[in-house]
1. Could you tell me how many of the residues in the range 137-152 are touching a residue at least 40 places away in the same chain (Cβ under 8 Å), of a type in the set (Gly, Ala, Ser) and at negative phi?
2. Identify, please: which residue in the range 345-360 is in contact (Cβ under 8 Å) with a residue 12 or more places away in the chain and open to solvent by 60 Å² or more (accessible area, probe 1.4 Å) and is, among those, farthest from the chain's Cα centre (by Cα)?
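The values are calculated or read from the model by the stated rules, or taken from the named source; none is laboratory data. Please read all numbers here as calculations on a predicted model, not as lab measurements. Cβ coordinates were reconstructed from backbone atoms using ideal geometry, including for glycine residues, and neighbour counts include every protein chain displayed. The protein model used for the area step is the full one, side chains on, heavy atoms only, and it has no ligands, DNA or RNA in it. Shrake-Rupley method; radii C 1.70, N 1.55, O 1.52, S 1.80 Å.
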Amino acid sequence: MQTANPAQGNDEIDLVTIWERLWQRRRWIAVSTLLFGALALIYCLVARPVFTATATIMPPQQQNNSMGMLLGQLGGLTGGAGGLAGLKTPNDLYIGILQSRTVADGLIRRFQLKRHYDISSQDRARAELRARSQFSSGKDGLITINVDDTDPKFAAALANGYIDELKTVNQSLAVTDAAKRRLFFEQQMRQTKDLLADAEAALRKTQEKTGMIQLEGQLPAIVGSVTQLRANIAAKEVQLEAMRSYATTQNPLYIRTEQELGGLREQLAKLETGSSNGGDLMVPTGKVAQSGLEYLRRLRDVKYQETIFELLAKQYELARIDESKDSSLIQVLDSAVTPEKKSRPKRAIIMLMALFAGAVVGAATALLRAQLAEQGRLRRERQPALALRGES
């Protein structure tokens, strides 16, 4: 003989009982559902429609190709830029700029949002603008700007205003790789320019002090002059020695030759000792090594600073070209246009949710009322039995 499961029977009885109670109070459930539906319909009719304007932008793409053309020329110098060539600017950075207080204040001033939102506080205006604006970055690298407002034209204008403010802030801040490189090389160029001016001034002082203007040209000239003077002196000495054999010391030709020999010896002494006039470009041979070494050191400093400045100038120009490409700035793929359809309230969804909520609330209250009525009936049935027991 098969035994019935008591739990199963209880569940079956309970389900039947629940269904009977719901059916008995079906009018109450219907009234509750219709009431919630009516309230939702009134809300949909009274609530002002909200329109969403959407704009899509593509942030600057990093372009390091031209930077790599001269990277090897500076060697470790570019490391001072903090590894600029490897930096990437994520979309989150531009979304952060869009959500910044600077952009919000610019939009509040430009579109007079305090008056539009009927708000007197700047903080509340920022909060209201933040609540009506949404920014998202997709896997395709694009940034989407959504702005909600009851006026569709104003929503589109505000979404495009975000783009304008982002461009303004992006131009004033070095947020791109090329802009950071440009600022770095611009600073390095100013420092190198000052060092080059100091090196040129030191070279000029050395030239004035030593008389060495151009070592490559002056040294052969000095050696040639000394050699020529010594050859002329030797020739005059031979000529004078020959004249002594047939002329006296009173001979005018002998006197003139002797005077010419003295003049040549005096010029040679000037070249060798340095007792020359200030305007003489001939450096004394006794000081050629010292003067030449000092001149070469100063000239080397000038050439070094000139080379560094030239390399930095090339890097600076390339960074400027890359910056003009990077911030070309922010490319607008889709400007915000006036939306034709409202984004909310969604009447169909609201009505369905309200009807469902009304049915659930009606069923719950119907079961509660039935439970309370059942408990009251049981108490009334127990009262006569308790009274009889009390009398007996």
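1. Final tally of qualifying residues: 1.
2. Residue satisfying both the conditions and the ranking: Leu355.
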